[in-house]
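The structure appears below as structure tokens.
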Amino acid sequence: MIKKPFSDSSDVMEYINQPQIECLECGKFFLFLTPHLVKTHGISNTDYKLKWNIPKHTPLSGISHREVCRRNTVKRINNGEINPSEQIKMMNQAYQPYRGQSALKVLFTQTSINKRKPWESSPVINPASPELKALALKRMSDRSNSGELVKDISRELGVSIGRLYAWVRKEKPE
């Protein structure tokens, strides 16, 4: 029985290419490991594979079980019960709604952007100088006395109206 996680794919292939597959948790042999893992050890296939460093798409069944499944599938195809091209269409249709980015992908992207900080080196993004910001804030605060419009301040200073209001909001004490 193996005591530590696999470090080589050839070891994994040797492990699964047996008539029965050994449970690395307790050492017993099974045709198909999943029910045993869930019932006896209370762990899922995914957790088991992570713990023992088994690749994600590796079957947790012995050769004999996989051969029986393969024969049954071929028989069903030959009998017309299963149409492989229809199966592919159904799978594509079923997974259509999930084509978006996963939460993990979104988090990875956000983390990557925050690490790289493209806004600091982009030739398109032009941060405002402290002097320009101070002038804009002064003119925004004097608007009640001068009657100046925000769109005029925006146009003259080359700053968007939204940015002017954001600076004003930031400057107000809470």
**Report entry** For the range 64-134: rounded, prolate or oblate by the Cα gyration tensor [a/c cutoff 1.5]
**Finding:** prolate
Report task. Return the whole-Å distance between the Cα centroid of the range 135-174 and the Cα centroid of the range 60-82. Result -> 72 Å
**Report entry** Over 25 Å (Cα to Cα) - which of 133/172; 49/115; 105/170; 39/105; 3/105 fall in this group
**Finding:** 49/115; 105/170; 39/105; 3/105
**Report entry** Per-residue HN-Hα couplings for the range 20-29 [Karplus 6.51, -1.76, 1.60; θ = phi - 60°; Hz; x = Gly/Pro]
**Finding:** 10, 9, 8, 7, 6, 7, 10, x, 7, 9
Report summary line: When the charge dipole of the range 1-72 is computed with +1 on Lys and Arg Cβ and -1 on Asp and Glu Cβ about the Cα centre, the Cα farthest towards its positive end, among 55, 44, 2, belongs to 44
Report summary line: Along the range 81-92, Karplus-curve 3J(HN,Hα) (6.51, -1.76, 1.60; θ = phi - 60°) to the nearest Hz, with x for Gly and Pro, reads 6, 10, 10, x, 5, 5, 4, 5, 4, 5, 5, 4
Query raised in the report: Residue by residue through the range 107-117, which ³J(HN,Hα) values in whole Hz follow from phi under the Karplus form 6.51 cos²θ - 1.76 cosθ + 1.60 (θ = phi - 60°), with glycine and proline marked x?
Result: 4, 4, 4, 4, 4, 4, 5, 5, 6, 6, 6
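Every number in this text was worked out from the coordinates using simple rules, so none of it is lab data. What you see is a predicted model, and the numbers here were worked out from it, not measured in a lab. Note that each Cβ is placed from the backbone with ideal geometry, even for glycine, and that neighbours are counted across all protein chains shown.
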